[in-house]
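Beneath this line is the structure, given in structure tokens, with notes to follow.
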Amino acid sequence: MIRRIHIAMLALLLAVPAMLAADGLDLEAECTVNTVTLTWSGVDGAIWYDIYDGGRFIVRLPSDARSYTMEHLAQDTEYRFVMGARDASNADLDAEAVRVRTGNYNGTYVWTNPTDDDNDGMLKEIVYKAQLDSDPVYGQYMRISISEGGEEYVVFPLVEFDAGWDWIDYDADTPTAIAYRTNCEKFNSLNVSPSRFRVQSVSMTNDRIEATIRSSAFGIGVDTVSTYEFGHDEEGRYVRFTTTGSGLAEIALFRNPTDPDNPYTYLLRNIED
């Protein structure tokens, strides 16, 4: 009996409220890239405010709540958020819906080194171009490229998702090798280059990427982990790039002279939308 009551109450809680004629909520949505903040007015008698993404329940908020922020949403995607104001018995007092379309992080991102500590001229600046892409299996991700000799070379994904993760010669004249070599040389502070490399692991969300590359030099294997985190603040859009390593790779990594507390992290600002 207790189990049946529990299931019934759960079904009631998750049910999307019907749109009502009352105008008390005044539900509004503000979108910044892929962050959406909902604001609303209070409804007399409301104990809960329930929010739904279409038909999917997101959160139940108390009677004094007047805003709620959702981050890391899909980019370039239309959302229909529904809010229901409910009393203590879960009866609908008011309900409204609002539609919003998120933006994207497409553009060029730059970090400039204002110091003379620049890895013998290799790290005067970092320039990445980012373009929203989608894979039928893995979903949205940001395709990231770097320039070399007037050409654009993709550093993520370094190898396409449906390709094999085989060893690649570091000095090979292929787009993958050139992309890796161009990026690697910026951050390599030792006069030692790997002989080969391969993709070890990849994880990604709508606005974050993490890729581990295994490289080998003189028979010694090391891992380098690179993360790209896209976001926005009062200055605009950015990508926070961090590269860390194991063993010899950590020793070889250049340290950011502008941020000693985070020596392996670089904040690149968007210069083109």
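At-a-glance table
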item	result
Estimated distance in nm for a label pair at Glu234 and Asp64, the labels positioned 7 Å out from Cα along Cα-to-Cβ	2.7
Using a Förster distance of 25 Å, the FRET efficiency for Asp133-Glu30 (Cβ separation, nearest 0.05)	0.40
Largest-first ordering by accessible area, 1.4 Å probe, given options Asp50, Asp133, Asp171	Asp171, Asp133, Asp50
Stretchable slack from Glu152 to Thr112, in nm (0.36 nm times residue separation minus alpha-carbon distance)	12.5 nm
Options Phe241, Phe254, Phe218, ranked by Cα towards positive dipole end of the chain, top entry (Cβ charges)	Phe218
The chain, relative contact order in percent, only Cα pairs under 8 angstrom and at least six apart counted	13
With every protein chain in place, the chain: carbon and sulfur % of accessible area (1.4 Å)	49
Estimated inter-spin distance, Val16 and Ala91, nm [label 7 Å along Cα→Cβ]	2.4
Packing rank of 239-249, 181-191, 147-157, 111-121, where each peptide gets the mean count of other beta carbons within 10 Å, highest leading	239-249, 181-191, 147-157, 111-121
Label point distance in nm, Arg269-Thr77, each placed 7 Å from Cα along Cα→Cβ	3.0
Length added when fully stretched, Thr258-Ala163, from 0.36 nm per residue minus Cα-Cα	30.4 nm
Per residue accessible area in Å² of the stretch 78-148, where ligands, DNA and RNA are left out and the probe is 1.4 Å	46
Kirkwood hydrodynamic radius (C-alpha pairs) into Stokes-Einstein, the stretch 79-219, 25 °C and 0.890 mPa s, D in µm²/s	133
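The values are calculated or read from the model by the stated rules, or taken from the named source; none is laboratory data. Being a predicted model, the structure only gives us computed values, none of them experimental. Reconstructed Cβ throughout: ideal geometry from the backbone, glycine too, with neighbour counts over all protein chains shown. When the accessible area is computed, the model is the full protein with side chains, heavy atoms only, and any ligands, DNA or RNA have been set aside. Shrake-Rupley method; radii C 1.70, N 1.55, O 1.52, S 1.80 Å.
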